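The values are calculated or read from the model by the stated rules, or taken from the named source; none is laboratory data. Just so we're clear, the structure is a prediction, and the values are computed from it rather than from any experiment. Note: ideal-geometry Cβ built from the backbone for every residue, glycine included; neighbour counts use all protein chains shown. Just the protein is used for accessible areas: all its heavy atoms, side chains included, with ligands, DNA and RNA removed. Shrake-Rupley method; radii C 1.70, N 1.55, O 1.52, S 1.80 Å.
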Amino acid sequence: METLILSSDYRDIQTAANIIKTGGIVAMPTETVYGLAADALNGKAVRKIFKAKGRPMDNPLIVHISDISQIYTLVREFPKRAQLLADNFWPGPLTIILPKSDRIPDEVSAGLDTVAVRFPSHPTALRLISLSSPLAAPSANLSGSPSPTTAGHVCDDMNGRIDAIIDGGDCDVGVESTVITLAEDPPRLLRPGGITVEQLRSVIGEVIIDNAVTAPLAKGEKAASPGMKYKHYAPEAEVILLDGNNEKFRQYVNDNGRDGDAVLCYNEDLGTLKLPCIPIGSENDTETQAHRLFSVLRETDKLNITRVFAHCPPTDGVGLAVYNRMIRASGFQIIKL
Ligand code: TXA
Ligand code: MG
């Protein structure tokens, strides 16, 4: 199939909306990462997403809305806590899981009794949804690779596999949305993202952090969020996280680096390391690190690197989102220095 490359002009978004309305699939920019969208109420169209990504069918999708009124057809209940989260963080990088209505096709919810809903803030995504319908959209990467944060990344993975890509430039946040489930009490964070757990707690009080956010699933443990059980965000190179202060980090890298290795470093490390360096941002600027993370992971593929050393990120604020992606990219390989 030929993949159409579209701009964010009104007419091009209208073209994309027509593709969606006739059962096609389109990659769209959002403020987090690019999504691969289909009409959320058309099970047959949604199945094409799984095929294009090579995504296991038991991994449910997020439904994206452009107006809060759309949520009432998607969920059975809209509790007070959901209203509070929506008032404070929508539109934006937060996904809320609620009991699903019977209008949600099984392909979207992967057989669960719940549905994940997000109201993105990106103007192109919002326009596409309003011109078509609520959109089921996972990240627009091949299953297992880092999520795409530019149209070029989407093209690398999806050219020839999907109907169209809307080029909306660089994504702002750079990591996928925060996912919280309100289908249980107390609410539980399933995936950290641009909206921090500290922000969530300031609005709805107690929020539990699911074990899978910071640790591998134990043998036989069931994933609350099916996506957590799959290998994720992994570039070709082996990623090794180093947990220790900057001095120890630099020493370890300089003592152990060999040909074919590179370092995802902080800007402050530049000039102190003997290996090729790919800076990910300033040490304390976790927002920039989140913004650049998937892009630098993809860069290592282009540079034919075999091993990558990286700092083990802090786990507060947006750092938790970076940490969660990095431990998966590394297959949980962390060396304590
Ligand atoms: O920022 C984002 O969330 C991006 C953009 C495109 O909106 N989307 C995204 O979708 O990251 P995806 O499919 O790559 O990740 C969705 C995660 C998966 O781990 C999935 O298992 C989980 O959310 N999820 C979806 N529906 C769920 C449900 N009903 N219950 C538990 N987990 C769910
Ligand atoms: Mg994904």
What area, in nm² and to one decimal, does the C-alpha convex hull of the chain cast on average over all directions?
-> 16.3 nm²
Compactness summary of region 1-121: radius of gyration and Dmax from Cα atoms, Å, are 14.6, 46
Square roots of 5 times each gyration tensor eigenvalue, C-alpha, region 177-281, largest first, Å = 35, 18, 11
Using a probe of 1.4 angstrom, how much of the accessible area of the chain is carbon and sulfur, in percent?
-> 47 percent
Local electrostatic count at Arg298 - Lys and Arg +1, Asp and Glu -1, tallied over other residues with Cβ under 12 Å = -3
Cβ-placed point charges (K, R +1; D, E -1), dipole of the chain about Cα centre in debye, nearest 20 | 860 debye
Zone reached by a paramagnetic label modelled 7 Å from Asp156 Cα along Cα→Cβ, restricted to region 292-335 with backbone N below 16 Å, covers 292-308, 329
For region 83-128, radius of gyration divided by Kirkwood radius, i.e. Rg to Rh on alpha-carbons | 1.03
Taking a spot 7 Å from the Cα of Asp9 along the direction of its beta carbon, which residues of region 166-193 have an amide N less than 15 Å from it?
-> 166-168
Total charge dipole magnitude, region 32-177, about the Cα centre, Cβ charges on Lys, Arg, Asp, Glu only, Debye to nearest 20 = 320 debye
Using the Kirkwood radius built from alpha carbon pairs, what does the Stokes-Einstein equation give as D for region 90-184 at 4 °C and 1.567 mPa s, in µm² per second?
-> 87 µm²/s
Heavy-atom accessible area per residue, the chain, 1.4 Å probe: how many Å²?
-> 41 Å²
Dividing the Cα radius of gyration by the Kirkwood radius, what Rg/Rh value follows for region 200-337?
-> 0.99
Relative intensity, log₁₀ I(q)/I(0), of region 138-195 from a Debye sum that treats every alpha carbon as a point, q = 0.12, 0.31 Å⁻¹ = -0.39, -1.29
Take the alpha carbon atoms of region 203-222, find their center, do the same for region 58-125, and report the distance between the two centers in whole angstrom.
-> 20 Å
Order by protection proxy (mean Cβ within 10 Å, highest first), peptides 321-330, 184-193, 82-91 | 321-330, 184-193, 82-91
Taking every DSSP bridge whose two residues both lie in the chain, the antiparallel percent to the nearest 5 is 35 percent
Which lysines, on any chain, are close to Lys51 with Cα under 24 Å apart, when same-chain ones fewer than 8 places away are left out?
-> Lys21, Lys100, Lys229, Lys231
What ranking, highest mean first, results for peptides 214-226, 164-176, 275-287 when packing means the other Cβ atoms within 10 Å averaged over each residue?
-> 164-176, 275-287, 214-226
With only Lys, Arg, Asp and Glu charged, each at its Cβ (+1 for the first two, -1 for the last two), find how big the charge dipole of region 135-286 is about the Cα centre; round to the nearest 20 debye.
-> 500 debye
For the chain, what does -39500 (n - 2.57) per DSSP helix run (n ≥ 4), summed and divided by total residues, give at 222 nm, in deg cm²/dmol to the nearest 500?
-> -9000 deg cm²/dmol
